[in-house]
Amino acid sequence: MRAKIILTATVLTGGAAFAIAQTSHTGHSDGMDHSAHQQEQVMTSAALSEPGQGAFAALSEVVRVLEADPNTDWAQVDLGGLRAHLVDMDRLVMDTVVMETDLPDGTSAIAAGDADTIATLRRMVPAHAAQLARDDRWTVASTETSDGIELRVTSEIPAVVARIKGLGFFGLMASQDHHREHHFFMAQGKDAHGH
């Protein structure tokens, strides 16, 4: 019962935030002076958590943090690199075709797509496989194939095997929540995989 109440409250709060966002956005035009939103922004910023599309929201958040830090080395900032990575993330989720095979001890996922998607997979999957491999409860391998990449994750622990199968390719790619830190390193022009 308590879970239903919490879920209902969450849905109502999210719906209210969406309604506020839609109401605030009504009347927005190309020539609108964004400074006119200042008073509305104070009212809605407490209720809203994402300023629009996901990649834009991630860039906006990074810019806000960089601008708030007086030690930001603007000569090193690379928001274009972060944007390219966010495009890769979108392409991985939206354009990748995956064939998953359950193994007795985990899963093998063959990921493929068009030429741009294959290039994305070859950039992202090995890098993320290295992050996944930091968890010693499973074994992770990524191997390039002629038309994409294979991600193989296995374990000797039955509960972990169930988790691997439950996550599947996309869940595994989203797990090990290091993404915000990774994005901030990229935006600062630092080696994002060296942290």
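Throughout, read-outs are computed from the coordinates displayed, never taken from laboratory work. Keep in mind that this is a model prediction, so the values were computed, not measured. Glycine also receives a Cβ, built like all others from the backbone with ideal geometry; neighbour counts cover every protein chain displayed.
Students often check this: by mean Cβ neighbours within 10 Å, which of 148-155, 64-71 ranks highest, and how do the rest follow?
148-155, 64-71
Taking θ = phi - 60°, what integer Hz values does the Karplus form 6.51 cos²θ - 1.76 cosθ + 1.60 yield along the range 77-84, in sequence order, with x for Gly and Pro?
With coefficients 6.51, -1.76 and 1.60, one gets 4, 9, 6, x, x, 5, 4, 4 Hz.
Give me the extension gain from residue 165 to residue 115: residue separation times 0.36 nm, minus the current Cα-Cα distance, reported in nm with one decimal.
Here the answer is 15.2 nm.
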